[in-house]
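Participant: Before I ask anything, let me first share the structure, which is written out below as structure tokens.
Read-outs: derived from the displayed coordinates by stated rules, not from any lab. Small disclaimer: the values here were computed from a predicted structure and weren't measured. Note: ideal-geometry Cβ built from the backbone for every residue, glycine included; neighbour counts use all protein chains shown.
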Amino acid sequence: MSISDTEVMDTLRAVVAEKPDFVYEPPADDDEDCRYVHEDEHGRKVPGCLVGHVFNRLGASLDALSLVEGYGPTVVAEDRGVRLDLSGRVLLALFEAQKVQDRGATWSEALVEAEKEFERP
């Protein structure tokens, strides 16, 4: 099932609205820049990075996301276990959000850049 660009961008905005000043940091014992899935203090899987939160809210399971760590949003969305039918335009916006987040920016700063990418002609 295809997910509309509006639904994806609204989901991104909702995640950011909950923690606009949040600066993502990967787990200390991890070599990856970004993890879609983290473990909480009880060992339960929880969404990690900004895009991980968005994909999870759009219906991707944390188990499926944990199997595609290290891949960008386009590869993850197309993965057999994740199966999110997203447009190229919104995938570029998510990639931009992830890139900005991974450089140490706040989630609100990542959203600003994702919105710019999304609005490009």
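Participant: May I ask you to derive the relative contact order of the range 1-104, considering only C-alpha pairs under 8 Å and at least 6 residues apart, and to give it as an integer percent?
Facilitator: 31 percent
Participant: Another question about this same structure. Please give the FRET efficiency for Val23 paired with Arg80, using the beta carbon to beta carbon distance and R0 = 35 Å, rounded to the nearest 0.05. List each step's numbers first, then the result.
Facilitator: On the way: r = 33 Å, r/R0 = 0.93.
Computed FRET efficiency for Val23 and Arg80 comes out at 0.60.
Participant: Let me ask something else about it. With all pairs of different alpha carbon atoms counted, what Kirkwood hydrodynamic radius in Å does the range 50-121 show?
Facilitator: Roughly 12.3 Å, rounded to one decimal.
Participant: Averaged over all directions, how much area does the convex hull of the C-alpha atoms of the chain cover when projected, in nm²?
Facilitator: One quarter of the hull surface, i.e. the mean projection, equals 7.0 nm².
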